[in-house]
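Engineer: One structure, as structure tokens, below. Some questions next.
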Amino acid sequence: MPFENIIVETRGQVGLITLNRPKALNALCAALIRELGQALDTFEADAEIGAIVLTGSEKAFAAGADIKEMASKSYMDAYLEDFITNGWERVTKCRKPVIAAVAGYALGGGCEMAMMCDFILAADTAKFGQPEITIGTIPGAGGTQRLTRAVGKSKAMEMVLTGRMMDAAEAERAGLVSRIVPAADLLDETIKVAERIASMSRPIVYMAKEAVNAAFETTLAQGVHLERRLFQSAFATEDQKEGMAAFSEKRSPAFKNR
Ligand code: CO8
């Protein structure tokens, strides 16, 4: 399928989506969000794909929602289109893990998109921020909620109220990113991580992701209860038998995604 705003490739069992609007620092226009949704649908339906990587360019993961496209919208346009839930949150609905590989700017909707992914690997050049306040608005794709959960109230509040950017080192210290990689190695390293995830048992990966995500949606007691049920259901899979047998027999497991 030809795309105009993204590049879609596969690397073994990894689906790779590269945001590709270089002239606009990958600003997330409606057409890009539509294409991203289509690409995610395709990878979700492809049995060969076990994990997805979302990345941008050296200069920008994405510098935000497309300000020029948004600028003249009325309240009623925004309300009727519901342009945030409608498309933007597709990435949060993926069952397959989605890893954000962020180099350069991840601002506004770009930071929000990265935070919708399951985790973020950052290049040492990465810069995160929610600068909406500087253009007379507030984060609208989950930034006030996901940034606050990721880095705590004080830092999130300062960033949202001032528009200050945080560099990769601060983002790692604050827990926004899982780790920092030299910019030149970012994509290779992220694909390596995605390949490792794709080599695990698919249903067990789904269970693990569902259990961690529950930590953001439920009480501790409910989350622990869900984890226990998922843990127990892992024993109904062939892959749990294979994984534990392989450990005892001192060999690598051959998971069948069953
Ligand atoms: N939207 C549209 N165009 C953009 C955007 C953007 N977010 N960011 C950069 N561009 C364009 C610039 O207009 C410029 O285009 P042109 O050459 O035609 O003038 C080109 O990209 C290059 O940008 P700069 O010349 O500004 O590059 P610099 O290196 O000087 O600066 C910055 C880089 C600091 C990243 C700067 O471009 C910047 O401040 N960008 C805007 C950042 C921002 O405010 N982001 C938040 C946007 S609002 C948002 O994301 C709300 C999300 C809410 C949910 C979304 C629902 C739709």
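Engineer: With in contact with a helix residue (DSSP H, G or I) (Cβ under 8 Å, 6 or more places away or on another chain), within 23 Å of M157 (Cα to Cα) and at pLDDT 95 or above as the only criterion, which of E112, E89 stands out?
Structural biologist: E112
Engineer: Which one is farthest from S252 (Cα to Cα), of the residues in region 201-222 that are open to solvent by 70 Å² or more (accessible area, probe 1.4 Å) and in a loop (DSSP other than H, G, I, E, B)?
Structural biologist: The extreme case among them is T219.
Engineer: Still on this structure, I have one more. Tell me, please, whether a residue that is modelled with pLDDT of 95 or more, open to solvent by less than 50 Å² (accessible area, probe 1.4 Å) and farther than 24 Å from G129 by Cα can be found in region 25-36.
Structural biologist: Yes, there is a match, as at least one residue in region 25-36 is modelled with pLDDT of 95 or more, open to solvent by less than 50 Å² (accessible area, probe 1.4 Å) and farther than 24 Å from G129 by Cα.
Engineer: Please verify whether region 117-135 includes one or more residues that are within 12 Å of the ligand (Cβ to nearest atom) and out of contact with any helix residue (DSSP H, G or I) (no Cβ under 8 Å at 6 or more places or on another chain).
Structural biologist: Looking for residues that are within 12 Å of the ligand (Cβ to nearest atom) and out of contact with any helix residue (DSSP H, G or I) (no Cβ under 8 Å at 6 or more places or on another chain), one finds at least one in region 117-135, hence yes.
The values are calculated or read from the model by the stated rules, or taken from the named source; none is laboratory data. It should be emphasised that the depicted structure is a prediction, and the values quoted were computed from it without experimental measurement. Positions of Cβ are backbone-derived with ideal geometry, glycine not excepted, and every protein chain shown enters the neighbour counts. Accessible surface areas use protein heavy atoms only, side chains included; no ligands, DNA or RNA. Shrake-Rupley method; radii C 1.70, N 1.55, O 1.52, S 1.80 Å.
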